[in-house]
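Read through the structure below, which is laid out as structure tokens, and then see the notes.
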Amino acid sequence: QVQLVESGGGLVQAGDSLRLSCAGSGRTFSWYFMGWFRQAPGKEREFVAAISSSGASTFYANSVKGRFTISRDNLKNTTYLQMNSLEPGDTAVYYCAATRRATTGAANDYAYWGQGTQVTVSS
């Protein structure tokens with residue numbers, strides 16, 4: 001089992017950058033496929049990015065491709081989401097999630113979730 005805690009959210013202007021961190025606990029952190037999801041008020045939770053357990057493969061939603069980068073440091077039990085060129089449409093609560101399955105964008109496939117960190121992008 002792994003526990004996840006997100007950090008790094010905040011209020012920024014359009015065009016700014018943020019780096020979100022997801023700190024995991026548990027010695028088997030490196031076994032997990034990690035994902036980032038986001039949810040805006042009144043919207044369904046949507047996939048943002050995912051990374052394989054080894055970090056060899058990454059996946060992105062079309063809406064963030066080219067702007068966001070997911071990475072992980074298994075020695076630090078941490079995964080990151082670097083967000084550049086932020087847009088108002090990126091405003092949401094961002095969640096880190098983990099799964100033992102090889103998966104990408106299906107939220108239901110992720111068994112473990114953090115509490116989320118708020119990202120607000122002003123015009």
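For the range 78-102, filtering for residues that are assigned to a loop (DSSP other than H, G, I, E, B) and either closer than 26 Å to G42 by Cβ or at pLDDT 95 or above (or both) leaves 5.
Consider the range 84-101 and keep the residues that are in contact (Cβ under 8 Å) with a residue 40 or more places away in the chain and more than 19 Å from W113 (Cβ to Cβ). The one that is most open to solvent (accessible area, probe 1.4 Å) is E87.
Applying the condition of being of a type in the set (K, R), closer than 17 Å to Q118 by Cβ and not in a strand (DSSP E or B) to the range 24-70 and asking which residue is most open to solvent (accessible area, probe 1.4 Å) yields K43. So which residues in the range 102-114 are in contact (Cβ under 8 Å) with a residue 40 or more places away in the chain, open to solvent by 30 Å² or more (accessible area, probe 1.4 Å) and within 14 Å of V2 (Cβ to Cβ)? Within the range 102-114, Y112, W113 meet the criteria. Is it the case that A56 is among the small types (G, A, S) and in contact (Cβ under 8 Å) with a residue 40 or more places away in the chain? Answer is no for this residue.
Residues of the range 11-22 being more than 12 Å from Q115 (Cβ to Cβ), surrounded by 13 or more Cβ atoms within 10 Å (Cβ to Cβ) and not charged (D, E, K, R), which ones? Steps first, please.
So in the range 11-22, the residues more than 12 Å from Q115 (Cβ to Cβ) come out as 11-21.
With the extra rule that they be surrounded by 13 or more Cβ atoms within 10 Å (Cβ to Cβ), the set shrinks to 12, 14, 16, 18-21.
V12, A14, L18, L20, S21, listed by residue number.
Scanning the range 1-10 for residues that are open to solvent by less than 60 Å² (accessible area, probe 1.4 Å) and of a type in the set (A, V, I, L, M) turns up V2, L4.
Note on the range 71-83: residues that are farther than 11 Å from I51 by Cβ, open to solvent by 20 Å² or more (accessible area, probe 1.4 Å) and touching a Phe, Trp or Tyr at 6+ places or on another chain (Cβ under 7 Å) amount to 2. Residue under question is S85, and the condition is that it be hydroxyl-bearing (S, T, Y) and within 15 Å of G8 (Cα to Cα); does it hold? Answer is no for this residue.
The values are calculated or read from the model by the stated rules, or taken from the named source; none is laboratory data. Quick caveat: nothing in here was measured; it's all calculated off a predicted structure. Because the Cβ atoms are built from the backbone with ideal geometry, glycine has one as well, and the counts that use them run over all protein chains shown. The protein model used for the area step is the full one, side chains on, heavy atoms only, and it has no ligands, DNA or RNA in it. Shrake-Rupley method; radii C 1.70, N 1.55, O 1.52, S 1.80 Å.
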